[in-house]
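Beneath this line is the structure, given in structure tokens, with notes to follow.
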Amino acid sequence: MDTKASVKKLSESEKEELLKEILGNQYHTAGNNLPLLRKMIDRIGYVDNMFTVAELLPLFNRILSLRIFGLVASGASILSIFLIPISSLINIVNAYQAGLRMYSYRAVAYTITAWAFNKPVQSGSQKILANIKTGWPKVQNNQIGEYHKAWKSASDDVTRKLDITARSNNIPKDALKAFLRIISENSEQKLCEMILKGFEKEFSFIELKSWQSNYFIRYPN
């Protein structure tokens with residue numbers, strides 16, 4: 001069977017055959033990864049042309065098995081398990097300032113999205129900054145510098161973590177990027193929202209309502 005990245009729409013039985021052929025002995029240990037891998041086969045051709053399907057599927061299986069990224073069953077969000085050390089740091093440093101903590105998490109989501117799509121990393125979210133200047137409690141202009149520092153710190157940390165994660169698990173960075181593009185159906189906005197939703201568990205009930213209210217602000221704004 002042709003295993004180039006240009007694989008077109010296959011039947012379920014053809015996908016099963018392809019997975020068995022490509023994964024070999026790994027097929028029987030893939031387990032819960034198989035349904036998602038089957039979905040990915042349809043997307044690889046139009047999302048990525050750097051690798052063949054035969055190269056990507058074993059790498060995707062490893063990414064899923066290592067839980068570098070955890071996906072909720074609905075596929076609506078990404079539980080960023082590999083980011084736990086960063087999450088903990090943000091929680092400790094900004095425990096007393098929910099606004100700064102939320103801005104830091106948004107920086108993480110925007111940075112991962114830019115990294116996955118090979119776009120320049122943004123230095124902030126202008127819409128969020130505009131909102132906090134006019135909202136209640138109002139953030140004073142002399143406090144905005146703290147938001148810039150929090151964004152840069154979180155963005156730099158997650159960029160380093162992405163590189164370390166790829167290197168330490170012997171996964172090409174471009175394959176990890178392709179994985180993120182494929183699970184988000186090649187949509188920058190969808191990927192960013194999936195990551196934002198993955199952080200919901202980090203907030204208290206009251207904070208969560210505020211966090212969710214800003215989902216309408218779409219990457220890269």
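Pop the C-beta distance of Lys119 and Lys149 into the FRET formula with R0 = 25 Å and round what comes out to the nearest 0.05.
That gives a FRET efficiency of 0.65.
What FRET efficiency comes out for Leu66 versus Leu129 if R0 is 35 angstrom and r is the Cβ-Cβ distance? Round to the nearest 0.05. Don't skip to the answer; put the middle values down first.
On the way: r = 36 Å, r/R0 = 1.03.
Computed FRET efficiency for Leu66 and Leu129: 0.45.
For the pair Gln140 and Asp156, how long in nm is the line joining their label points, each one 7 Å along Cα→Cβ?
2.6
Determine the sum of side-chain charges near Lys161: Lys and Arg each +1, Asp and Glu each -1, restricted to other residues whose C-beta is under 13 angstrom from that of Lys161. Provide the component values of the computation, followed by the final result.
On the way: positive: Arg160, Arg167, Lys173; negative: Asp156, Asp157, Asp163.
Combined, the nearby Lys, Arg, Asp and Glu give 0.
Can you pull the one-decimal nm distance between simple spin-label points at Glu16 and Lys173, each 7 Å off the Cα toward Cβ?
The modelled label-to-label distance comes out at 4.0 nm.
Which ordering of Thr29, Thr111 is given by a fewest-first count of other beta-carbon atoms within 10 Å?
Details: Thr29 10, Thr111 23.
Sorted ascending by nearby Cβ count, the order is Thr29, Thr111.
Obtain the radius of gyration and the Kirkwood radius of region 82-213 from its C-alpha atoms and give Rg over Rh.
0.97
Fully extended, how many nm does the chain gain between Ser213 and Asn32 (0.36 nm per residue separation, minus their Cα-Cα distance)?
Numbers: separation 181, 0.36 × 181 = 65.16 nm, distance 3.31 nm.
Gain in length upon complete extension: 61.9 nm.
Which order results if Tyr27, Tyr215, Tyr147 are arranged by neighbouring Cβ count within 10 Å, fewest first?
Arranged by neighbour count, lowest to highest, Tyr27, Tyr215, Tyr147 become Tyr215, Tyr27, Tyr147.
Every number here is computed from the coordinates shown, using simple stated rules; none is lab data. The structure presented is a predicted model; accordingly, all values stated were derived computationally and were not measured. Ideal geometry is used to build each Cβ from the backbone, glycine not excepted, and the neighbour counts take in all protein chains shown.
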